[in-house]
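K.L.:
First the structure, then my questions, so here it is.
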Amino acid sequence: MDLIVGANGFLGKNINQKFNNCLNLKRDGVYKKNIKTYSDLLDCINKEQIDTIFNCAVSYNENSLEELETINFQLPKQIIEKTKNNNIKVILFGSFFEKEKKSYMFNYVSSKRKLSNYLKNLDNKNIYHLTLEHIYGKYDRSNKFIPSVVSNIKERKKILLNSPNNIRDFTPVDHVVNFCKIIKDSGYKNNFINVGCGMPQTTLNFINKLIDYYATKKGYSVNEIKSLIEIKKSNINSIKKSFCSFPNLIDSFTKDYFYRLEDKAIKDIFDD
């Protein structure tokens, strides 16, 4: 049996879909098939045979230091403390923003760095910290970058790109979920892991892939839709490189594998 924290979010929904019959930890207790079954996490651990806990809960609320501290640091810390005497794998998720010297989400990044620093001082091989870059796919929030671009493509609105030459490792969410399954089933040799495709591309290149997919599907002119792209001249030459390393995680993660997942994720985000 597995347990998901934050099962209603983007990543949580995808993990919940992959692993059937997961328990869900909410603020008021642990739920099984939408029915409250245990009063809290400790009660659940004592009565269920939990194999893996996926902590997908996250806050991006820059205006609430208390919320960021509670969700991004105190919550995973409590999970670790409550499972330390059990043979339970705990999978946590970090952000590539933690590696940047400056970030427009300073408070969010600070809370995630605090967790990373805490984990580095632990001696627990059951704790896995996965650093993610720009994941996308089914169930992504409508206000995030890629879904907003998709919405503009569909509605023929301007697509404003501030930094079109930034290099990102755009990662299909299915790859993250697949790697979580590997950890769940077999563990992994490292506890701090960059999870990406290892095929970085510019933001503009990825947006062109979205446009090509939609134009081909609908029979529209590719050039007509690409004319919606508006690039800020002041930033046209700015380049920020991806922080995700080439992830030679296992042999089956080939370029063909990533291309298949990319095609599926683009389809999912247009159909979502």
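Nothing in this text is a laboratory measurement; each read-out follows from the coordinates by a stated rule. Keep in mind that this is a model prediction, so the values were computed, not measured. Please note: Cβ atoms are built from the backbone with ideal geometry, for glycine as well, and neighbour counts cover all protein chains shown.
K.L.:
Using θ = phi - 60° and the Karplus form 6.51 cos²θ - 1.76 cosθ + 1.60, what ³J(HN,Hα) does each residue of region 119-130 get, whole Hz, x for Gly and Pro?
P.N.:
Once rounded to whole Hz, the list reads 5, 5, 9, 8, 10, 9, 6, 8, 9, 10, 10, 9.
K.L.:
Now for a different question. Report the calculated FRET efficiency for residue 43 and residue 182 (r = Cβ-Cβ distance, R0 = 41 Å), to the nearest 0.05. Please list the in-between numbers first.
P.N.:
On the way: r = 30 Å, r/R0 = 0.72.
Between residue 43 and residue 182 the formula returns 0.90.
K.L.:
Show the residues, 5+ positions off or on another chain, whose built amide H is closer than 5 Å to the amide H of residue 194.
P.N.:
Close amide H contacts, sequence-distant or interchain: 131.
K.L.:
Can you list residues whose amide H is under 5 Å from residue 159's amide H, if they're 5+ apart or on another chain and H is modeled 1.01 Å from N?
P.N.:
229, 230
K.L.:
Additional query: Can you compute the label reach from residue 212? Point 7 Å from Cα along the Cβ direction, backbone N cut-off under 16 Å, restricted to region 144-170.
P.N.:
It comes to 170, nothing else.
K.L.:
³J(HN,Hα) across region 87-97 via Karplus (A = 6.51, B = -1.76, C = 1.60, θ = phi - 60°), whole Hz, x for Gly/Pro?
P.N.:
Couplings: 8, 10, 6, 10, 10, 10, 10, x, 10, 5, 4 Hz.
K.L.:
Here's another thing I want to ask about it. Mind listing the long-range amide H neighbours of residue 90? Cut-off is under 5 Å, sequence gap 5 or more, other chains count too, H placed in the peptide plane at 1.01 Å from N.
P.N.:
Under 5 Å from the amide H of residue 90 lie the amide H atoms of 53, 127, 128, each far enough along the sequence or on another chain.
K.L.:
Divide, for the chain, the radius of gyration over alpha carbons by 2.2 N^0.38 Å, where N is the residue count.
P.N.:
On the way: Rg = 19.5 Å, N = 272, 2.2 N^0.38 = 18.5 Å.
The reported ratio for this selection is 1.06.
K.L.:
From the backbone phi of region 150-156, what are the Karplus-calculated ³J(HN,Hα) couplings (6.51 cos²θ - 1.76 cosθ + 1.60, θ = phi - 60°) in whole Hz, Gly and Pro given as x?
P.N.:
Using θ = phi - 60°, the values come out as 4, 4, 5, 4, 5, 9, 6 Hz.
K.L.:
Tell me, what is the percent relative contact order of the chain, built from C-alpha pairs under 8 Å that lie six or more residues apart?
P.N.:
Numbers: 427 pairs, mean separation 48.2, N = 272.
That works out to 18 percent.
K.L.:
Can you give the relative contact order of region 1-132 as a percent, counting alpha carbon pairs under 8 Å and 6+ residues apart? Mind dumping the intermediate values first?
P.N.:
On the way: 201 pairs, mean separation 28.9, N = 132.
Relative CO of region 1-132 lands at 22 percent.
K.L.:
Taking the DSSP beta bridges in the chain as the whole, what percent of them are antiparallel, to the nearest 5?
P.N.:
On the way: 9 of 35 bridges.
Around 25 percent antiparallel, to the nearest 5.
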